[in-house]
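Comments concern the structure below.
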Amino acid sequence: MAEHALQTHSKSAEESALPLEYSTEESRLKIFGFWVFLGAEIVLFASLFATYLVLAGRTAGGPTAKELFEVKDFMMETIILLTSSFTCGLGTLALRNRSKGGILFWYVVTLLLGLAFIALEIMEFVHYVGEGATMQRSAFLSGFFTLVGTHGAHVSLGILWMILILIQLVQRGVTAATARRVFIVGLYWHFLDVVWIFIFTLVYLMGVAY
Amino acid sequence: MGFHLPKNFLVTGEPMIVVAEVLSVLTLAGIVFALTYYKKWKWLWDEWLTTVDHKKIGIMYIISSLLMLFRGGIDGLLMRTQLALPNLHVLDAEHYNQIFTAHGTIMIFFMAMPFIFGLMNVAVPLQIGARDVAYPYLNALSFWLFFFGCMLFNISFMIGGAPDAGWTNYTPLAGSDLAPGPGINYYLLSLQISGIGSLMTGINFLVTILKMRAPGMTLMRMPMFTWSVLITSIIIIFAFPVLTVALALLTIDRLFGSHFFTVSGGGEPMMWANLFWIWGHPEVYIVVLPAFGIFSEVISTFARKRLFGYSAMVYSMVVISAVSFLTWVHHFFTMGAGPAVNSFFSVSTMAIAIPTGVKVFNWLFTLYKGRIEFTTPMLWAVGFIPTFLIGGLTGVMLAVAPADYQYHNSYFLISHFHYALVGGAVFGCLAGLYYWWPKMFGFKLDERQGKWAFWLFNIGFNLCFFPQYFVGLMGMTRRMYTYPEGLGWTPYNLISTVGAYMMGVGFIIMVYNILYSIRHGERDLTGDIWNGRTLEWSISSPAPHYNFARIPEVDDLDAWWHMKKRKRKQPWELRPLKPIHMPNNSGRPFIMSAWFFVAGFGLVFEWHWMGIIGLLGVLYCMLKRSFEYDDHHYIQVDEIERTESAAGRA
Ligand code: HEM
Ligand SMILES: [Cu+2]
């Protein structure tokens, strides 16, 4: 066996009981690096949240959170996204069973839910803009659209990425390399879900409460 | 949307700029001609633009930052020329604003940081006994993002007009009301692009150091430079996303009319100051901690002693990095945060002096009773200690919030941070450059010329910045483009300018030294020309592209020093060679960053269509990468054997 540029000090894949996505040194490094990247993403969103919270009351005479947000709408978005995180988890479970069909099925469901979420979000934004609540209207709205929009852009990118990886899964089957990619995109998806929970609480719930 | 050229798209109003434009075009034409004439395009592409070798990437970082040191230095000299005597009009006020903005921005983002990144790339994998960084492809991408971001910034003064709100770019000065036009957009987008690269470098080196150390190298056996890079990487990962957000918010304000920082829409101008400095203060440590690491290496190598107080050094760095996130408000004590807030940040700032003091004492104790050898790198390291003491002490003076009302924005401050940034970070970079030069290129820089450059630069530096403490106390404020006679400032300013030119001469000697030593420099035949202590000196110079033919096993701090002391070979040194798995070169990091440049350029002029095209290009490159599977190859044993024996190693 060849010696890897990424030095292998531990046992090789076959010997160890690691899941497939962790089976090569390269994969372990990439998954670890992705966790670190998510750490940086947390700082990014934290900064956006802080900005939003500073600006939340500054409506400059424009519409307030309470006037804009519809409980029914954002509850719907939340339920859809939370469900998608669950189906994504089932996809990872299928990955552990090395079931290509299972992964495909659950990730496609996740994708569809993600698309539904994005569609609802776009409708929500269009609705606000129709009422004159644009990001140019007030600091509060600038903060709102940027924070929620950044999350939405992340979700959209996640959808695109997931599609690419599913194509590769179909082409190549469940290998160490595709397993890693499926796993990482799953991590990303769960992360976006966690961010949404904060948006749900700090933006929407607090918005309608005060 | 739409395509409309701003008035004066190509800046022609200022004779100096026109000259610079002509020179730039001539240089570019010269480079293109030379590459074509000597048929070097393919070589350039194959060996450099597509490389994923951390050592070559390091070299490219260093070359770029030396160029930027030149560019930023010329800006500095222009400013010093303008200020040499009262009532001069070498520059007008507007031009002066642009120049100090360019100078500050370039020095911090495009000189100091990439210089550090360059040395990190050259030394860290070698110091930890690794064949590469964790993500070689990403490493190349980081470099090219820095490079194209830097280019975007550098064309601003010729195309469209340069930013002029200072390197801190405070709102509302930098908002679209007071600063319409492309200048500030250049600042925002070029820093955004290179900032993404910096974040990825942080992630890359964190993972590299945590996961790719040679067997036996525990955290507390890591060379001090590697430790400093580890801490720096953590700071980068926590600090850079904040900068990303700050830049993005101001970009959205300027391009799309939102109200994050505009009072009229309910926005908060102070938010920029907060976000900027939450990133900005740790940034100081991003450039200065690795310099500390370099000094530690150099001092222990040339004192021929183990570093004194190794673990105290490590812990003090950890403390500095944590506290550095709690001091940002000291940059705007005078902007009305209230006494309680000011007191907290005043105390936290002063607290940093304690771990820093610990480090200084450790260096002194390492020197004590050492067999000191004053090589050029050692001169820079020892020369650093007094300059940094002066910088540090005046820093504590500035940290006293009430006193800051007096010093704030005066030349006292200018002097303080140049003592910290030049006397700390730049001295460190230059020490590292002389120290690792033989490892990078296989020959040593001339020592005699190196010493001339050091003394000229060091004396020039002190002449330049020490008098500024006094003019600062006499009331000269920063960013002043001229001053009247009769205030008693003239002699100080004149001396200061003379010092600046001395530094310039020192820099020229340094460049000459490089050219001279390419032909005449002492060749490094052993790979260990300094009699070093850490693993990078255990392999030939320049290092082969796979670094280590056999991965070493480490059993102590200063691993190579101990290996040299041992008579018998260790078991791992006798193991048979095996094929080595290496990443393939790729042109995509270069191309992808070029698309970022296109997007950035479009957005600078608010040509949104061009921004979109650029971003689609980026997205396409990411898609291609996603579908890439065979991006590795093997180096076979016979090739390793040939390389090793050519370097005189069996
Ligand atoms: C090499 C010789 C250098 C000279 C002669 C020089 C000179 C100057 C001068 C005259 C100013 C403007 C002061 C004012 O009018 O406000 C300035 C500002 C500044 N310099 Fe330097 N400098 C040098 C090196 C450096 C280096 C190496 C760094 C950073 C690593 C640096 C960072 C800065 C910064 C951040 C500012 C503030 C710019 C602003 O106000 O926006 N300088 N320097
Ligand atoms: Cu600070």
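Could you grab me the full set of residues in region B:418-445 that are within 16 Å of ligand 1 (Cβ to nearest atom) and free of Cβ contacts under 8 Å to residues at least 60 places away in the same chain?
Correct list: B:H418, B:Y419, B:V422, B:G423.
Of the numbered conditions (1) within 16 Å of ligand 1 (Cβ to nearest atom); (2) assigned to a loop (DSSP other than H, G, I, E, B), B:F465 satisfies every one except a single condition; which is it?
Condition not satisfied by B:F465: (2).
This table checks each residue for (1) part of a loop (DSSP other than H, G, I, E, B); (2) over 21 Å from the mean Cα position of the chain (by Cα).
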| site | (1), (2) |
| --- | --- |
| B:G118 | no, no |
| B:A123 | no, no |
| B:L126 | no, no |
| B:Y137 | no, no |
| B:A140 | no, no |
| B:W144 | no, no |
| B:L152 | no, no |
| B:A165 | yes, yes |
| B:T168 | yes, no |
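Which of (1) touching a residue at least 24 places away in the same chain (Cβ under 8 Å); (2) away from chain A (no Cβ under 14 Å); (3) farther than 28 Å from B:L5 by Cβ does B:K567 not meet, given it meets every other one?
(1)
So, B:A337, is that one within 11 Å of chain A (Cβ to nearest Cβ), out of contact with any Ser or Thr (no Cβ under 6 Å at 6 or more places or on another chain) and either among the acidic types (D, E) or within 16 Å of ligand 2 (Cβ to nearest atom) (or both) or not?
No.
For region B:553-606, give me every one of the helices (runs of 4 or more DSSP H) that falls completely inside it and has 1 or more residues that are under 30 Å from B:F146 (Cα atoms).
Helices (runs of 4 or more DSSP H) meeting the threshold: B:588-604.
Checking the conditions here, which among B:A130, B:A140, B:A134, B:A84 is in contact (Cβ under 8 Å) with a residue 12 or more places away in the chain and surrounded by fewer than 21 Cβ atoms within 10 Å (Cβ to Cβ)?
B:A84
Does region A:39-51 hold any residues that are more than 7 Å from chain B (Cβ to nearest Cβ) and either surrounded by 19 or more Cβ atoms within 10 Å (Cβ to Cβ) or over 16 Å from the mean Cα position of the chain (by Cα) (or both), and which are they?
A:F45, A:F49, A:A50 - these are the residues of region A:39-51 that are more than 7 Å from chain B (Cβ to nearest Cβ) and either surrounded by 19 or more Cβ atoms within 10 Å (Cβ to Cβ) or over 16 Å from the mean Cα position of the chain (by Cα) (or both).
Please state which of the following conditions B:P86 fails to meet, knowing it meets all the rest: (1) part of a helix (DSSP H, G or I); (2) out of contact with any Lys or Arg (no Cβ under 9 Å at 6 or more places or on another chain).
Condition (1) is where B:P86 drops out.
Cβ contacts < 8 Å: first residue at positive phi, restricted to region B:265-282; second residue away from ligand 2 (no atom under 14 Å from the Cβ), any location; separation 6+ or different chain. Result?
These pairs meet every condition: B:G266/A:L55; B:G266/A:R58; B:G266/A:T59; B:G266/A:A60; B:G266/A:S138; B:G266/A:A139; B:G266/A:F140; B:G266/B:H259.
Sort out which residues of region A:117-169 are within 30 Å of A:F105 (Cβ to Cβ) and in contact with a His (Cβ under 9 Å, 6 or more places away or on another chain), and write them in order of number.
Of everything in region A:117-169, just one residue is within 30 Å of A:F105 (Cβ to Cβ) and in contact with a His (Cβ under 9 Å, 6 or more places away or on another chain), namely A:E121.
From A:F191, A:F200, A:F183, which residue is more than 13 Å from chain B (Cβ to nearest Cβ), over 27 Å from B:D631 (Cβ atoms) and of a type in the set (F, W, Y)?
Of the residues listed, the single one that is more than 13 Å from chain B (Cβ to nearest Cβ), over 27 Å from B:D631 (Cβ atoms) and of a type in the set (F, W, Y) is A:F200.
Looking at this structure, is B:M113 among the aliphatic types (A, V, I, L, M), within 14 Å of another protein chain (Cβ to nearest Cβ) and within 30 Å of B:L535 (Cα to Cα)?
So B:M113 fails the test.
Look at region B:78-106 and say how many of its residues are more than 18 Å from B:G183 (Cα to Cα) and out of contact with any Cys (no Cβ under 8 Å at 6 or more places or on another chain).
So the count comes out to 13.
State yes or no: is B:L249 facing chain A (nearest Cβ under 9 Å) and modelled with pLDDT of 95 or more?
In short, yes.
When you go through (1) in contact with a Ser or Thr (Cβ under 7 Å, 6 or more places away or on another chain); (2) free of Cβ contacts under 8 Å to residues at least 60 places away in the same chain; (3) within 14 Å of chain B (Cβ to nearest Cβ); (4) closer than 26 Å to B:L623 by Cα one by one for A:V148, which number turns out not to apply?
Condition (1) is where A:V148 drops out.
Could you tell me which of the residues B:H545, B:H633 is touching a residue at least 24 places away in the same chain (Cβ under 8 Å), part of a loop (DSSP other than H, G, I, E, B), within 17 Å of B:D53 (Cα to Cα) and not small (G, A, S)?
That would be B:H545, the only listed residue that is touching a residue at least 24 places away in the same chain (Cβ under 8 Å), part of a loop (DSSP other than H, G, I, E, B), within 17 Å of B:D53 (Cα to Cα) and not small (G, A, S).
Does B:W572 meet the test of being within 14 Å of chain A (Cβ to nearest Cβ) and surrounded by fewer than 19 Cβ atoms within 10 Å (Cβ to Cβ)?
Spelling it out, B:W572 is indeed within 14 Å of chain A (Cβ to nearest Cβ) and surrounded by fewer than 19 Cβ atoms within 10 Å (Cβ to Cβ).
What about B:I286, is it in a helix (DSSP H, G or I), under 22 Å from the mean Cα position of the chain (by Cα) and away from ligand 2 (no atom under 16 Å from the Cβ)?
no
Output the residue which, of all residues in region B:156-175 that are surrounded by fewer than 19 Cβ atoms within 10 Å (Cβ to Cβ) and out of contact with any strand residue (DSSP E or B) (no Cβ under 9 Å at 6 or more places or on another chain), is farthest from B:I59 (Cα to Cα).
B:P172
Per-residue answers, yes or no, for (1) among the acidic types (D, E); (2) within 16 Å of ligand 1 (Cβ to nearest atom):
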| residue | (1), (2) |
| --- | --- |
| B:L28 | no, no |
| B:T36 | no, no |
| B:L44 | no, no |
| B:E47 | yes, no |
| B:I57 | no, no |
| B:I62 | no, yes |
| B:I74 | no, yes |
| B:L77 | no, yes |
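Scan (1) at the interface with another protein chain (Cβ under 8 Å from one of its Cβ atoms); (2) free of Cβ contacts under 8 Å to residues at least 40 places away in the same chain for the single condition B:T218 breaks and write down its number.
The single condition B:T218 does not satisfy is (1).
The values are calculated or read from the model by the stated rules, or taken from the named source; none is laboratory data. On a predicted model such as this, the values are computed, not experimentally measured, just so you know. Virtual Cβ from ideal backbone geometry, glycine too; neighbours counted across all protein chains shown.
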